[in-house]
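Below is one structure, written out as structure tokens, with a few remarks after it.
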Amino acid sequence: MAMALAQHRESSSSGSIDKHLDASGKYVRYTAEQVEALERVYAECPKPSSLRRQQLIRECPILSNIEPKQIKVWFQNRRCREKQRKEASRLQTVNRKLSAMNKLLMEENDRLQKQVSQLVCENGYMRQQLHTTSAATTDASCDSVVTTPQHSMRDANNPAGLLSIAEETLAEFLSKATGTAVDWVQMPGMKPGPDSVGIFAISQTCNGVAARACGLVGLEPTKIAEILKDRPSWFRDCRNLEVFTMFPAGNGGTIELVYTQTYAPTTLAPARDFWTLRYTTSLDNGSLVVCERSLSGSGTGPDPAAAAQFVRAETLPSGYLIRPCEGGGSIIHIVDHLNLEAWSVPEVLRPLYESSKMIAQKMTIAALRYIRQIAQETSGEVVYGLGRQPAVLRTFSQRLSRGFNDAVNGFNDDGWTVLNCDGAEDVIIAVSSTKNLSGTSNPASSLTFLGGILCAKASMLLQNVPPAVLVRFLREHRSEWADFNVDAYSAASLKAGTYAYPGMRPTRFTGSQIIMPLGHTIEHEEMLEVIRLEGHSLAQEDAFVSRDIHLLQICSGIDENAVGACSELIFAPIDEMFPDDAPLVPSGFRIIPLDSKPDAMTTNRTLDLTSGLEVGPATTSGADASSSHNTRSVLTIAFQFPFDSSLQDNVAIMARQYVRTVISSVQRVAMAISPSGINPAVGAKLSPGSPEAATLAHWICQSYSYYLGTDLLRSDSLVGDLMLKHLWHHQDAILCCSLKSLPVFIFANQAGLDMLETTLVALQDITLDKIFDESGRKALVADFAKLMQQGFAYLPAGICMSTMGRHVSYEQAIAWKVLTTEDNTVHCVAFSFINWSFV
């Protein structure tokens with residue numbers, strides 16, 4: 001019946017007669033010529049005004065017998081049909097996606113059922129073997145047979161055998177992707193669901209490290225294969241990939257011999273390279289497969305001397321299975337199985353090379369996220385700032401990451417040489433003799449340096465420091481570790497080769513750091529932004545000249561729940577207008593977890609970051625609590641400085657000392673944010689010697705009730721952590737500031753942080769006067785004496801300012817003194833901004 005109605009509607013709209021209901025509910029018949037004339041107008045203007053409709057009747061004689069009201073109804077009906085058509089199309093697309101995802105989940109369920117059955121059989125067999133062994137009386141040492149598994153790497157010296165190797169690789173890869181050849185377990189913290197990117201699994205029992213992903217992508221198989229085979233475009237650790245040989249496989253596929261170089265993530269271990277066979281073919285069911293495995297033999301690439309800097313690692317059968325979906329899009333299975341030769345790195349770093357979680361984050365999940373990002377950009381779903389195209393911003397991120405990796409690794413074939421150290425091996429100084437720094441292949445955008453680039457780098461081990469929290473702090477509190485004059489030197493060096501040794505043109509940093517977002521990946525795991533550091537010259541003749549510095553920056557890995565994720569903060573000075581081909585000299589930080597993090601970690605401890613810096617590490621509040629946060633991570637720092645050849649020695653001394661100062665600052669920050677055994681259930685302190693968060697919440701509510709005669713939270717039964725929870729989620733923005741000569745904020749609930757567009761960490765750098773406009777400051781000054789005398793004050797409606805420069809309006813603000821329970825002394829002043837909203 002529904003189909004018959006649909007056909008009737010279709011014939012009504014496309015035939016020679018078109019029926020429409022007018023305002024009175026009667027059908028009005030339109031001829032084909034009338035419909036054609038109305039459709040032409042609709043294509044230009046779907047919602048014409050009354051004047052336009054009257055003009056249409058005058059200009060088209062065939063419409064002269066139709067009343068303007070009827071034409072109005074026709075356009076209303078036409079818009080309604082268009083809306084219904086779009087909605088139907090959208091629902092069909094959603095239905096196709098859900099059907100494909102359902103099919104993927106059913107296949108995954110079947111695979112897991114097979115794996116369970118296999119494990120049950122193996123368990124029964126092992127029980128039988130154990131029973132037989134216990135009953136046996138013979139000497140096992142005399143009859144045992146030792147078997148050694150064959151090495152998985154194959155000889156590529158015989159081209160005639162490459163096809164058989166390729167077919168064997170294909171079979172082994174498919175058994176891992178859709179079979180039970182590997183015991184896959186769900187990736188911690190990556191539960192599949194309607195909003196997830198895909199299904200992720202790792203193996204903890206196989207040889208080497210292995211990860212698997214499957215998901216739905218809105219691109220065709222050939223496009224996905226093209227993207228994934230271009231590994232340097234999405235795998236940030238891939239330095240170079242070169243195809244040495246390519247020939248048809250005789251069955252519609254191609255076989256390639258590929259040499260790949262990857263970066264080392266730290267300065268403590270050499271980089272890896274791979275010599276592999278890559279096989280691309282189509283299956284009988286229409287699926288496209290790209291599989292790969294390592295080969296024996298030299299395969300050192302174009303420069304054997306350069307390849308000597310690498311340790312040869314092994315790719316076990318891995319690849320991509322891409323199956324087209326009905327109605328468009330593809331289902332993709334990704335398997336990465338590697339042996340990274342962990343024996344060749346220091347023992348403290350071996351967990352990094354033996355972690356399937358790390359490979360999953362850096363390769364497997366990154367590949368699936370990247371092609372989903374491309375799919376969304378292609379469909380127009382992604383919107384970026386400052387009018388830049390997504391591909392341009394993506395290239396900026398890739399160049400920042402690549403430049404930082406080049407600095408950390410310092411390969412000889414890039415022109416890097418290590419200078420003699422002064423005996424203290426904490427900071428490595430390397431110089432690149434490359435004279436030309438080009439942003440892109442465009443020679444016009446190149447900068448010529450008379451000396452080159454100098455890099456100061458170091459790696460260090462951190463204990464009990466959450467990488468995500470540390471990177472967030474470094475991003476939001478640049479003034480805690482950076483020297484503005486060094487930033488000014490690096491920025492000036494990029495302007496037509498201008499050099500000025502730090503300190504020659506003294507500049508005062510105003511302390512203001514403005515973060516301007518440019519774009520982010522679909523899951524916000526990486527952000528691209530422009531940082532503006534405000535500064536003014538201290539020289540008399542330049543007193544009114546702005547010395548603002550702009551940095552292009554990427555920040556990634558700030559989600560504490562992402563297991564095995566690497567956290568990075570990489571930045572480079574850039575011109576204010578930053579053209580698409582701007583040259584970049586990146587510096588920054590990389591923090592990689594070496595151990596799995598305990599579930600007990602919470603973000604509450606970030607309350608005490610800035611205040612903790614003033615007094616050192618936090619104290620332990622539990623006898624055995626320190627053992628519950630025994631996590632380790634490795635921090636790598638690399639800073640690059642363009643220099644003139646005449647200033648190389650001076651810049652080298654400055655760079656070494658500067659990086660040592662940065663390391664000292666980071667260690668101080670790390671001590672402040674380290675849990676140091678604090679039991680999260682107790683609650684984090686706001687600052688050493690100050691009350692815990694729950695205690696402060698009690699003081700805020702108690703003082704509000706005392707001075708204003710009413711309850712802030714509308715309940716007398718709220719106590720302890722429950723009171724803190726309700727205060728945290730209160731709809732009004734509640735902030736507390738100190739009573740110093742320059743009042744700074746020490747606490748805010750979630751609404752307060754949203755209003756100021758900041759975090760608990762950055763909050764403690766914001767002074768009270770910065771959030772009010774001129775009239776707000778005057779009102780506060782006028783009522784401050786009243787506030788201190790009677791304990792509270794009502795402030796009129798006004799405008800305040802967020803840290804991002806946005807105006808915020810509020811209907812009323814209430815200020816009151818917060819008294820301690822013990823001795824009724826004034827601890828701070830609280831503000832409540834009622835019914836606030838962004839202007």
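Some points to look at:
- Overall size of the stretch 47-86 from C-alpha positions, given as principal axis extents largest first: 32, 17, 14 Å.
- Remark: accessible surface ordering of Arg239, Arg312 (largest first) is Arg312, Arg239, probe radius 1.4 Å.
- Counted charge near Val662, where neighbours are those whose Cβ lies closer than 13 Å (Asp, Glu -1; Lys, Arg +1): +1
- With all protein chains modelled, accessible area of Tyr810 [1.4 Å, Å²]: 10
- Distant-in-sequence amide H partners of His827 (H built 1.01 Å from N, under 5 Å): Val818, Leu819, Thr820
- Förster radius 60 Å - calculated FRET efficiency between Asp548 and Thr825, Cβ distance, rounded to 0.05: 0.90
- Span from the the stretch 205-274 Cα centroid across to the the stretch 50-67 one, whole angstrom: 64
- Estimated FRET transfer efficiency when R0 is 22 angstrom, pair Asp414-Gln667 (beta carbons, to 0.05): 0.15
- As a ratio to 2.2 N^0.38 Å, the alpha-carbon radius of gyration for the stretch 763-819 is 1.15.
- Close amide H pairs (under 5 Å, H built 1.01 Å from N) link Ile799 with Asp773, Gly776, residues at least 5 positions away or on another chain.
- Remark: the stretch 305-421 is approximated by an ellipsoid whose semi-axes, taken from the C-alpha gyration tensor as √(5λ), come to 33, 24, 12 Å, largest first.
- Cβ-derived FRET efficiency at R0 25 Å, Asn285 paired with Gln376, nearest 0.05: 0.35
- In this view, the solvent-accessible surface of Cys121, computed with a 1.4 Å probe and all protein chains in place, comes to about 90 Å².
- Kirkwood-Stokes translational diffusion coefficient of the stretch 262-363, alpha-carbon pairs, 10 °C, 1.306 mPa s, µm²/s: 101
- Stokes-Einstein diffusion of the stretch 729-839 at 20 °C, 1.002 mPa s viscosity, Kirkwood radius from Cα pairs, rounded to a whole number: 153 µm²/s.
- Simple spin-label estimate for Ala391 and Ser809 in nanometres, 7 Å along Cα-Cβ: 4.3
- Computed accessible area, Thr695, all protein chains, 1.4 angstrom probe, square angstrom: 50
The values are calculated or read from the model by the stated rules, or taken from the named source; none is laboratory data. Since we're looking at a predicted model, the values are computed, not measured. As a convention, Cβ positions derive from the backbone with ideal geometry for all residues, glycine included, and neighbour counts pool all protein chains shown. The accessibility values were calculated without ligands, DNA or RNA, using every heavy atom of the protein model including side chains. Shrake-Rupley method; radii C 1.70, N 1.55, O 1.52, S 1.80 Å.
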